[in-house]
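Below you'll find the structure, written out as structure tokens, and then a few comments.
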Amino acid sequence: MFQWVMIFAAILLNVGGHVFLKAGMNKTGAIDPLLLISDFKRVFFTSPFVLLGIFSYVASVALYMVVLSRTYLSFAYPLMMSTGYVLIVIFSWQVFKEPFSFYKWIGMGLILVGVVLIGK
């Protein structure tokens with residue numbers, strides 16, 4: 001039971017990291033790739049969403065390490081990544097009003113079926 005709580009907490013923190021970073025970048029605007037370091041400093045120190053995103057990633061990695069110490073990589077990684085993909089699509093649709101299609105539903109269903117099969 002503990003393992004499941006930890007892995008789903010890690011998944012939610014990972015997804016939260018993506019969502020917070022996207023929200024921060026929506027407010028900040030595009031970063032010039034040639035000025036990545038200087039723009040990163042400006043974005044990092046002025047956007048609470050970016051800070052929350054980075055914190056979420058760090059916490060996700062910490063919990064993922066706990067999970068890896070207690071279970072198989074071949075179980076934890078596919079579960080974390082695939083569930084994360086599905087949740088990102090749902091959060092992007094709900095929070096950022098990104099397009100959502102019937103094909104995305106099919107794709108998410110196939111991803112989840114694949115995870116169940118890999119976990120067996």
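Each reported figure results from applying straightforward, stated rules to the coordinates on display, with no laboratory input. Nothing here was measured: the structure is a model prediction, and the numbers come from that model. In this analysis, Cβ positions are derived from the backbone assuming ideal geometry, glycine residues included, and neighbour counts consider all displayed protein chains.
To the nearest 0.05, what FRET efficiency results for K104 and V5 with a Förster distance of 25 Å applied to their C-beta separation? Can you show the working numbers first?
On the way: r = 28 Å, r/R0 = 1.13.
According to the calculation, E is roughly 0.35.
How many lysine pairs in the chain, separated by 8 or more positions in sequence or lying on different chains, have Cα atoms less than 24 Å apart? Write down the numbers at each step before the final one.
Values: K22/K41; K22/K97; K22/K104; K27/K41; K27/K97.
Lysine pairs satisfying the spacing and distance rule in the chain number 5.
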Q. What number comes out for the charge environment of T46, summing +1 per Lys or Arg and -1 per Asp or Glu over other residues with Cβ under 14 Å away?
A. +2
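Taking the Cβ of each residue in K27, K120 as the centre, tally the other Cβ atoms inside 10 Å and list the residues starting with the fewest. Numbers along the way, then the final one.
On the way: K27 13, K120 5.
Ascending Cβ contact count within 10 Å gives the list K120, K27.
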Q) Which angle between 0 and 90 degrees, to the nearest 10, do you get for helix 2-28 versus the longest principal axis of the chain when only C-alpha atoms count? A) 20
Q: Please determine, in degrees from 0 to 90 and to the nearest 10, the orientation of helix 48-68 with respect to the longest principal axis defined by the Cα atoms of the chain, where the helix direction is its Cα long axis.
A: 30
(Q) As I understand it, the value is the acute angle between the Cα axis of helix 73-95 and the longest principal axis of the Cα atoms of the chain; what does it come to in degrees, rounded to 10? (A) 50
Q. Most mobile of V19, V67, V95 per a Gaussian network model of the chain (Cα springs, under 10 Å)?
A. V95
Q. For the chain, with the dipole built from +1 on Lys and Arg beta-carbon atoms and -1 on Asp and Glu ones, taken about the Cα centre, which of Y64, T46, M6 lies farthest toward the positive end?
A. M6
Q) In debye to the nearest 20, how big a dipole does the chain give about its Cα centre with +1 on each Lys and Arg Cβ and -1 on each Asp and Glu Cβ? A) 100
**Q.** Answer label for percent of Cα pairs over 26 Å apart (calculated), chosen among (i) 23; (ii) 32; (iii) 51
**A.** (ii)
